[in-house]
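What follows is a short report on a single structure.
The values are calculated or read from the model by the stated rules, or taken from the named source; none is laboratory data. Because the structure is predicted, anything quoted here is derived from the model rather than measured. Cβ sites come from the backbone with ideal geometry, for glycine too, and all protein chains shown count toward neighbours. Heavy atoms of the whole protein, side chains included, go into the accessibility calculation; ligands, DNA and RNA do not. Shrake-Rupley method; radii C 1.70, N 1.55, O 1.52, S 1.80 Å.
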Amino acid sequence: MQIDLIKGHGSGNDFLLIDEISNDYLFTEEDRANLAKVLCNRGNELGADGILFIMKSDRADGRMRVFNADGSEASMCGNGLRLVARYICELKGLNKAVIETMKANLKVMKQEDIFPQVHTYQVEISPVMFELKALPLNLPKPTLFNEKIKELSDELRFTALAVPNPHLIAIGETEMFQNNLQKELSEKVNGPNDLFPDGVNVSFVKPLEKGSIYVRTFERGVGFTNACGTAMSASSLVTCLTELNNYEKVINVYNNGGKVQCVVHKLDDTYSIDLIGNATYLYRASIQLALNEKTFSVTSRTELLEQRTYEKLQSAAQEVIKQTL
Ligand SMILES: N[C@H](CCC[C@H](N)C(=O)O)C(=O)O
């Protein structure tokens, strides 16, 4: 079976985009999980953090389903949604659209370049839930806000929220990035454990100057990635809850893949976050796939030249991180 795809990234969080609107691929659920495991494997010619299936929708301009590299499906993907936003807007000649995701239909729109000649989109991150059952997190309390979890750490304080995929956020200083704690506790809560039966994305956050933070995330179903869009959005919200940053103001979120911006909105007890950042295409490729043998070959690959301009954004962001982390 031949499959045409685009490899792209949002802040270095890279994905394979497969267009099921223009092509009749007819994937089964098992196909989708197997495709993610086979094509995202970085030992192969492609490799990625996940696959974004772009599908028809009867209630929006398009639909996104996101599968992690381990074959698990997630309810949301912030960096991936910017790539899908770009793909749908360019496919349909739109500057803004609505994309159906597992739990919500989300508003997306093309934005002014966050850096010269870097395709930039804004996506809505919503709904936001703090009830522990929304993750789920099995603790004898309704919510977890800036509190210790003795099974995970004696010092760190965590906040748990779903946007709607699950996130566990710890805010601290540089030292928290200089040991193996994030890796060890992330592997624990993403393996067989009583706290997070479905796993969780784990982010360590360091406030930089007011209006700027650095976020490093160990992603459920993937591991450490350059950036996690929903995690950066959730982290921005938590820094507003702890009054480190302000609602309705742009927060610069630095990460190992570059920089995005978040604006946190609070209306009574309802929150949403605007996530603004790049949607960069790396290459187009066609593959010949034998799914049952779980093998494929790349039959064509056309490099695109967008990464050269993106790299200027990334090195500027890395300079800031080097100065402040
Ligand atoms: N690993 C996530 C899905 C991908 C989210 C991330 N790549 C993003 O940009 O939000 C999860 O299992 O909930």
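Charge tally for Leu94 (other residues, Cβ to Cβ under 9 Å; Lys, Arg +1; Asp, Glu -1): +1. For the cross-link pairs Lys56/Lys133; Lys148/Lys188; Lys133/Lys210; Lys107/Lys249; Lys56/Lys92, the ones whose C-alpha atoms lie over 24 Å apart are Lys56/Lys133; Lys133/Lys210. Here is the list for region 37-104: GluC sites (Glu not before Pro) lying in DSSP coil, each with at most 13 other C-beta atoms within 10 angstrom of its C-beta, are Glu45.
Can you tell me the 0 to 90 degree angle between the C-alpha axis of helix 306-324 and the longest principal axis of the chain, rounded to 10? Approximately 10 degrees, to the nearest ten.
Taking a Cβ cut-off of under 13 Å around Val189, the surrounding Lys, Arg, Asp and Glu residues balance to a net charge of -3, with basic ones at +1 and acidic ones at -1.
Ordering Thr242, Ser286, Val263 by the projection of their Cα atoms onto the charge dipole of region 223-294, which places +1 on the Cβ of Lys and Arg and -1 on the Cβ of Asp and Glu, puts Ser286 at the extreme positive end. Across region 93-242, C-alpha contacts under 8 Å between residues 6 or more apart give a mean separation that, scaled by the residue count, equals a relative contact order of 16 percent.
In this structure the chain gives 43 Å² per residue of accessible area when probed at 1.4 Å with all protein chains present. Net charge of the neighbourhood of Glu147, taken over other residues with C-beta under 14 Å away and scored Lys/Arg +1, Asp/Glu -1, is +1. Just flag the trypsin sites (Lys or Arg not before Pro) in region 157-220 sitting in loop per DSSP whose Cβ has no more than 16 other Cβ atoms within 10 Å. Of the trypsin sites (Lys or Arg not before Pro), the ones in loops of region 157-220 whose Cβ has at most 16 other Cβ atoms within 10 Å are Arg157, Lys210. The relative contact order of region 221-325, computed from alpha carbon pairs under 8 Å that lie at least 6 residues apart in sequence, is 20 percent. Among rounded, prolate and oblate, which fits region 11-109 when a ≥ b ≥ c are the square roots of the eigenvalues of its C-alpha gyration tensor, a/c under 1.5 means rounded, and a/b larger than b/c means prolate? It is prolate, given that a/c is not under 1.5 and a/b is the larger ratio.
Annotation: amide H of Leu106 within the under-5 Å range of Ile99, Glu100, Thr101, sequence separation 5 or more or interchain, hydrogens built in the peptide plane.
Phi angles of region 92-107 translate, via the Karplus equation with coefficients 6.51, -1.76, 1.60 and θ = phi - 60°, into HN-Hα couplings of 10, x, 10, 9, 8, 7, 10, 10, 6, 10, 4, 10, 6, 9, 10, 7 Hz per residue; Gly and Pro are given as x.
Between region 107-147 and region 15-90, how many Å separate their Cα centres? Result: 19 Å between the Cα centres. Extension gain, Glu30-Glu248: 0.36 nm per intervening residue step, less the Cα-Cα distance, totals 74.3 nm. Each of the peptides 197-207, 221-231, 263-273 was scored by the mean count of other Cβ atoms within 10 Å over its residues; in descending order, highest first, they stand as 221-231, 197-207, 263-273. Charge dipole (Cα centre; +1 on Lys/Arg Cβ, -1 on Asp/Glu Cβ; no other charges) of the chain amounts to roughly 380 debye. Glu306 contributes an accessible area of around 40 Å² to the protein surface, as traced by a 1.4 Å probe with all chains present. Along its first, second and third principal axes, ordered by size, the chain spans 52, 43, 38 Å in Cα coordinates.
Put simply, when 245-257, 10-22, 159-171 are sorted by average Cβ atoms within 10 angstrom per residue, most first, you get 159-171, 10-22, 245-257.
Taking the 1.4 Å solvent-accessible surface of the chain as the whole, the part contributed by carbon and sulfur is 48%.
Determine the shape class of region 55-101: with a ≥ b ≥ c the square roots of the Cα gyration tensor eigenvalues, call it rounded for a/c under 1.5, and otherwise prolate if a/b is greater than b/c, oblate otherwise. Prolate, since a/c reaches 1.5 and a/b exceeds b/c.
Over the Cα atoms of region 132-272, each weighted equally, I'd like the Debye log10 I(q)/I(0) at q = 0.18, 0.19, 0.22 Å⁻¹, rounded to two decimals. Debye curve over Cα of region 132-272, log10 I(q)/I(0) at q = 0.18, 0.19, 0.22 Å⁻¹: -1.01, -1.13, -1.53.
Converting phi to 3J(HN,Hα) with the Karplus coefficients 6.51, -1.76 and 1.60 and the offset θ = phi - 60°, region 192-207 yields x, 7, 7, 6, 10, x, 9, x, 6, 7, 10, 10, 9, 10, 10, x Hz in sequence order, with x at every glycine or proline. Our coupling estimate for region 53-59, obtained by passing each phi through the Karplus curve with A = 6.51, B = -1.76, C = 1.60 and θ = phi - 60°, is 8, 9, 10, 5, 9, 9, 9 Hz, Gly and Pro reported as x.
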